Amino acid sequence: MSSAKRISGSFWLVFAGLCVGLIIFRYEATIELGYFLPEPETLDEQVLVRRLGQGAGSQLWFIVAPPSPQTQAFISELRESGLFRSVYAGNEPLSVSSVPETVWRYRYLLADADWSESGVAEAVDQRLADLLLLPDQSLSQIVFSDPFLVVPGLLERLVVGSAETAWQDDSGRKYLLAETNAPAFDMEAQAEVQLFVHRAAETKLSAGVASFGAGPYGLRLQERIRNEAQWRSLLAALLVMLVLLTLYRRFSVLWLAALPVLAGAVGGFAALTLFFDKVHGITLAFGFTLLGVAVDYPLHVISHARRGAGRVKNIRSVMFVSVASTLIAFAALVFSGSPGLAQLGVFSFCGILVALLCSLTLLPCFLAEEEQAVLDQRAVPSLLQNRYWILLLCAGFAVLLAQSRPLWTDDLSSMTPLPEHELQADKELRERFAVPDMRYLLLAEGATEQTVLFSAHRASEVLRLAGFEVLSVSDLVPPESIQNRRIEQVVAFSPEWLSTAERSSGFREGSFDAFADAVSVSRNLPLLQSDDWQGTQFEALVNENLYSQDGGWRVGLLPFQLENPQIFGRWLRESLPDWRLIDLKEASASLVGRYRNAAKTALLFAAILVAVLLWWFTGSLRHWVWLVGTVSAAVLTSALLSVWLLGTLSLLNMVALILVAGLGLDYALFTSCAGDAERTADSRHAVLASALSTAAAFGLLGLSSVPVLAGIGTTVSIGVMISYALARFTAGPDGA
Amino acid sequence: MRKLLLLLGCAFLSSALADKLPAVAIQSGQPREFVEYRMLPQLVVPQELQGYAEVGSDGVLLKTIQAPYAETVEIGPDYLKLTRGGRSRRLSLNKQPALADFYRGLTALLAGDEEVVNELFIVTRDDLADVWRVRCEPRDEQLRGVVQKIVMSGRQREVEEVLTMQSDDRWQRLVFAPGGSLDVEQR
């Protein structure tokens, strides 16, 4: 082994070791969707970003169980598992044991009651009529502990699905609503929940159950991606191997081509751990995809080294320009304004740089001893004479101008990996259980927590008086002034009033002792704080709708199924001017739109920089025009074909188009910077290998049942084929 | 020996007529006055309520209490609508199927709907001379958690009272004013 080879090998070994060390010690993962959104500017956008992926209802599991006499046993098993904060089955009456402990304990600080002597007498009298009417032991327990019935009233406002919900359909299937302790994004915990639910169903019901909600969807998606990844990765690897073996006719090409890509992946990954505290899962998934462009570099080196490793130096300048152009595009992502895309940019930038250096320094050491291949020596036409790209570009612009439907969608839901039927099932279940409308939110701001809580308290009263149903955090954390007023009323209450009321209503003395005890406890309770709901089923509701931001406080109210948001918005402005109606869907469209524009601006600058670089490199207007025209035509055509096939383009398709541009430029550069006939033949060989392997791998991705993956695969595979065709086949045999 | 024969005869008569209600307590569209005594373990003495009851053509039972307080209770297939002090409250019984069955069974018994009564209760009937007694015991365990038995009694074709023994030492005794009953066959 030569000393150069030893030095190069040692360097890359040390480099790989350092990178792996960095990854092991510094890697921390995240899957917060907010990473892929830009810094929110407006209040609406801030609220949206905060709520994404963790809004009210995201921890809900909708479970549909088949008809069975053992349903109650199944429900009990779920409740006792410790995995759920709550499990509602609909067919159970309210009882003291089913009331959340904090609600029961703080009931007289949570709601108003008429604590006067006449109020107590009236309540006892009313409850006598209730008890005589309803032969229900659970009601008796509640009534003798809470003659004002504040708890049922409170729970009716707070618990989803407590309204007129059909908990059983015509075929006898039961609907359960369960809220997990674990957040929806904790896939490991959600998988544990799924396993438990299915085992309990098998044991108790001897049948399977269907489950819906953010948790189950995430698990199904993970499973689907895992299944697809397994066979698609295998198939893609086989196809790429087949392409490379056919074109290079030796096995060593497989590991030689893989080496720089692997080094790039490890280098990019390590760079992420160095520059960022947490690395997003999507960054890694898409980053490895984008790194596919790096497979071109070893292929160029291997193709040109077939006539001797020394010939690799002839293509260095073209490779540098090709890589520099790609790096500029990925650098644009770093400055696009979102941490997620910045991570993607850093990963791809560093990964490609490492892959290039590895291709140029390490590969020739292994290629020096390779035998020279017998090569095609035909005359090489001048590609610059072909004009087909002009036709394609003109046709593309014509279609673009004639296009009536929007090219891009700013709908965040277009980025959801869920299939349409699951989204529809989710929507129907949320309507069935009257889960708060996730689209709208009422928001108010204030200087202190107490200011906003009082505002929420007042707004809830006004809204309910006007006939609107809202889920209000002030029902759980009443403002301190209100709690103090309620405590004063409780303190003023005389037990003698209760005895008198019992006697006059015909009750035995002491029937309401449980109530008297609760009153004594309430007198000495500390004021209820938002922290008191931690670990309860209402924790998410409180955290999501009461928080401090930028030195102030914000409070949210969740309206139930707004029928006419425009009219409601007008009414709100007049009746509660401190409150605003936030349309989260509109906010997401504005956020994504701004994001897309920022990314487009960054990419436009990148394109100008690339154009300047190419001008400097080619030094020829004709060559420059051909390069820019060919790549533009390829990108535009693949974008339009993607719209035709997919319906519309999302941000992820835009990232895919950057990859198309990078690959297209690489093909165009290598096929047009001919030099001698041998070099052109080698370049064409490398480009053919690269295009075939990339189109095969992404074509398989395009057949994925996961819509997002299918979209990216389609765009890239189309783009690669057009890029290759423009760079290679549009030239006539004589270059005409 | 005569007593034994009489008892055997009663038992035969009881089983033979078990599937037949002797009279309809409340005719559709014809209100019938009653006095009802309702007792809870927490009460010193039973509450005495006066009012009238009627069954609508849609099978909904309407009980109007006039004294000692004014209250109207509409008992539908899966709901109760309570009007008291000028305010109405509708209580869904969806979450309490046993309670819904209790009210359905009681309405059916008063309205003479044998099919529903037999579906929910094991019915036995005793006849002695012109006095009869129909005893209904819940078939379902959950329903037994709400009501232990309902005993309707009367004379000839007249329903005189309905005694409902509920769980937890509660009971209700509904005593009808004379007249207003109807033979089941005459419905």
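The values are calculated or read from the model by the stated rules, or taken from the named source; none is laboratory data. This one's a predicted model, so the numbers in the text were calculated from it and none came from an experiment. Here the Cβ positions follow ideal geometry from the backbone for every residue, glycine too, while neighbour counts run over all protein chains shown.
Of A:Leu613, A:Leu621, which residue is more than 23 Å from A:Phe347 (Cβ to Cβ) and either surrounded by fewer than 19 Cβ atoms within 10 Å (Cβ to Cβ) or small (Gly, Ala, Ser) (or both)? Lay out the reasoning, then the answer.
Values: A:Leu613 fails: more than 23 Å from A:Phe347 (Cβ to Cβ).
After ruling out the rest, the residue left standing is A:Leu621.
Within segment A:443-471, take every residue that is modelled with pLDDT of 90 or more and not in a helix (DSSP H, G or I) and give me the one that is farthest from A:Asp44 (Cα to Cα).
A:Thr448
Please state which one of A:Ser704, A:Ser638 is assigned by TED's automatic domain parsing to the domain that holds A:Ser325, not basic (Lys, Arg) and not in a helix (DSSP H, G or I). Walk me through how you get there before you give the answer.
Values: A:Ser638 fails: not in a helix (DSSP H, G or I).
Of A:Ser704, A:Ser638, the one residue that is assigned by TED's automatic domain parsing to the domain that holds A:Ser325, not basic (Lys, Arg) and not in a helix (DSSP H, G or I) is A:Ser704.
For segment A:600-620, enumerate the residues that are modelled with pLDDT under 85, in a helix (DSSP H, G or I) and over 36 Å from the mean Cα position of the chain (by Cα).
A:Phe617, A:Thr618 - these are the residues of segment A:600-620 that are modelled with pLDDT under 85, in a helix (DSSP H, G or I) and over 36 Å from the mean Cα position of the chain (by Cα).
Residue by residue, here is whether (1) within 29 Å of A:Leu703 (Cα to Cα); (2) under 26 Å from the mean Cα position of the chain (by Cα); (3) part of a helix (DSSP H, G or I) holds:
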{"site": "A:Leu239", "(1), (2), (3)": "yes, no, yes"}
{"site": "A:Thr246", "(1), (2), (3)": "yes, no, yes"}
{"site": "A:Val253", "(1), (2), (3)": "yes, no, yes"}
{"site": "A:Leu259", "(1), (2), (3)": "yes, no, yes"}
{"site": "A:Val266", "(1), (2), (3)": "yes, yes, yes"}
{"site": "A:Phe269", "(1), (2), (3)": "yes, yes, yes"}
{"site": "A:Asp277", "(1), (2), (3)": "no, yes, no"}
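Do we find that B:Glu48 is without any contact (Cβ under 8 Å) to a residue 24 or more places away in the chain, more than 18 Å from B:Ile26 (Cβ to Cβ) and more than 14 Å from chain A (Cβ to nearest Cβ) in this structure? It would help to see each step written out before you state the result.
Details: without any contact (Cβ under 8 Å) to a residue 24 or more places away in the chain: yes; more than 18 Å from B:Ile26 (Cβ to Cβ): yes; more than 14 Å from chain A (Cβ to nearest Cβ): no.
Taking the combined requirement at face value, the residue does not satisfy it.
Out of everything in segment A:682-695 that is surrounded by 20 or more Cβ atoms within 10 Å (Cβ to Cβ) and of a type in the set (A, V, I, L, M, F, W, C), what residue ends up being modelled with the lowest pLDDT? Spell out how you get there, then give the answer.
In the first step, residues of segment A:682-695 are kept if they are surrounded by 20 or more Cβ atoms within 10 Å (Cβ to Cβ); the result is A:682-687, A:689-695.
Going one step further and asking which of them are of a type in the set (A, V, I, L, M, F, W, C), we end up with A:686-687, A:689, A:691-692, A:695.
Numbers: A:Ala686: 80, A:Val687: 83, A:Ala689: 84, A:Ala691: 85, A:Leu692: 86, A:Ala695: 85.
Checking each candidate, the answer is A:Ala686.
Identify all residues within segment A:507-536 that are of a type in the set (Phe, Trp, Tyr), outside any loop (DSSP other than H, G, I, E, B) and within 16 Å of A:Val124 (Cβ to Cβ); write none if there are none. Steps first, answer last, please.
Of all residues in segment A:507-536, those of a type in the set (Phe, Trp, Tyr) come to A:507, A:512, A:515, A:533.
Filter again for outside any loop (DSSP other than H, G, I, E, B), leaving A:507, A:515, A:533.
Those that are of a type in the set (Phe, Trp, Tyr), outside any loop (DSSP other than H, G, I, E, B) and within 16 Å of A:Val124 (Cβ to Cβ): A:Phe507, A:Phe515.
Can you pull out the residues in segment A:121-147 that are of a type in the set (A, V, I, L, M, F, W, C), within 45 Å of the chain's Cα centre (by Cα) and more than 10 Å from chain B (Cβ to nearest Cβ)?
Scanning segment A:121-147 gives a single hit, A:Ile142.
Only one of (1) at pLDDT below 85; (2) within 14 Å of chain A (Cβ to nearest Cβ); (3) closer than 18 Å to B:Val162 by Cα fails for B:Tyr69. Which number is that?
For B:Tyr69, the failing item is (3).
Is it the case that segment A:710-727 has a residue that's surrounded by fewer than 24 Cβ atoms within 10 Å (Cβ to Cβ) and at pLDDT below 75?
Taking every residue of segment A:710-727 in turn, none turns out to be surrounded by fewer than 24 Cβ atoms within 10 Å (Cβ to Cβ) and at pLDDT below 75.
Mind checking which residues of segment B:155-175 are within 13 Å of another protein chain (Cβ to nearest Cβ) and either in a strand (DSSP E or B) or touching a residue at least 60 places away in the same chain (Cβ under 8 Å) (or both)?
B:Thr164, B:Met165, B:Gln166, B:Asp168, B:Asp169, B:Arg170, B:Trp171, B:Gln172, B:Arg173, B:Leu174
Do you know which residues across segment A:110-120 are in a helix (DSSP H, G or I), surrounded by fewer than 19 Cβ atoms within 10 Å (Cβ to Cβ) and either within 14 Å of chain B (Cβ to nearest Cβ) or under 53 Å from the mean Cα position of the chain (by Cα) (or both)?
Taking segment A:110-120 as the starting set, the residues that turn out to be in a helix (DSSP H, G or I) are A:110, A:117-120.
Okay, now just the ones that are also surrounded by fewer than 19 Cβ atoms within 10 Å (Cβ to Cβ), so A:117-119.
Residues satisfying the conditions are A:Ser118, A:Gly119.
Which one of these is at pLDDT 90 or above and closer than 30 Å to B:Trp171 by Cβ: A:Phe148, A:Phe196? Before you say what the answer is, go through the steps one by one.
On the way: A:Phe196 fails: closer than 30 Å to B:Trp171 by Cβ.
Exactly one residue qualifies, and that residue is A:Phe148.
Of all residues being assigned to a strand (DSSP E or B) and of a type in the set (S, T, N, Q) in segment B:104-154, which is nearest to the other protein chains (Cβ to nearest Cβ)? Just the residue, please.
Taking segment B:104-154 and keeping what is assigned to a strand (DSSP E or B), we get B:121-128, B:131-138, B:147-154.
Now narrow it down to the ones that are of a type in the set (S, T, N, Q): B:124, B:148, B:153.
Numbers: B:Thr124: 22, B:Gln148: 10, B:Ser153: 20 Å.
My answer is B:Gln148.
Would you please name the residue that is nearest to B:Ile150 (Cα to Cα), looking only at residues in segment A:148-163 that are within 13 Å of chain B (Cβ to nearest Cβ) and outside any loop (DSSP other than H, G, I, E, B)? Reasoning before the result, please.
Here is the first cut: in segment A:148-163, the residues within 13 Å of chain B (Cβ to nearest Cβ) are A:149, A:152-153, A:155-156, A:159, A:161-163.
Okay, now just the ones that are also outside any loop (DSSP other than H, G, I, E, B), so A:152-153, A:155-156.
On the way: A:Pro152: 30, A:Gly153: 33, A:Leu155: 34, A:Glu156: 33 Å.
If we take residues in segment A:148-163 being within 13 Å of chain B (Cβ to nearest Cβ) and outside any loop (DSSP other than H, G, I, E, B), then A:Pro152 is nearest to B:Ile150 (Cα to Cα).
If I filter segment A:173-185 down to residues being in a loop (DSSP other than H, G, I, E, B) and modelled with pLDDT of 75 or more, which single residue comes out as nearest to A:Gln70 (Cα to Cα)? Reasoning before the result, please.
Initial filter on segment A:173-185 (in a loop (DSSP other than H, G, I, E, B)): A:173, A:181-185.
Still in the list and also modelled with pLDDT of 75 or more: A:173, A:181-182.
On the way: A:Arg173: 12, A:Asn181: 25, A:Ala182: 27 Å.
Once the filter is applied, the top-ranked residue is A:Arg173.
Could you check, for segment A:98-112, whether at least one of its residues is more than 26 Å from A:Asp170 (Cβ to Cβ) and touching a strand residue (DSSP E or B) at 6+ places or on another chain (Cβ under 7 Å)? First the steps, then the outcome.
Within segment A:98-112, the subset more than 26 Å from A:Asp170 (Cβ to Cβ) is A:98-112.
Narrowing the set further to residues that are touching a strand residue (DSSP E or B) at 6+ places or on another chain (Cβ under 7 Å) leaves none.
No, there is no match, as no residue in segment A:98-112 is more than 26 Å from A:Asp170 (Cβ to Cβ) and touching a strand residue (DSSP E or B) at 6+ places or on another chain (Cβ under 7 Å).
Consider segment B:72-103. How many of its residues are in contact with a strand residue (DSSP E or B) (Cβ under 8 Å, 6 or more places away or on another chain), more than 8 Å from chain A (Cβ to nearest Cβ) and of a type in the set (Gly, Ala, Ser)?
Number of matching residues: 1.
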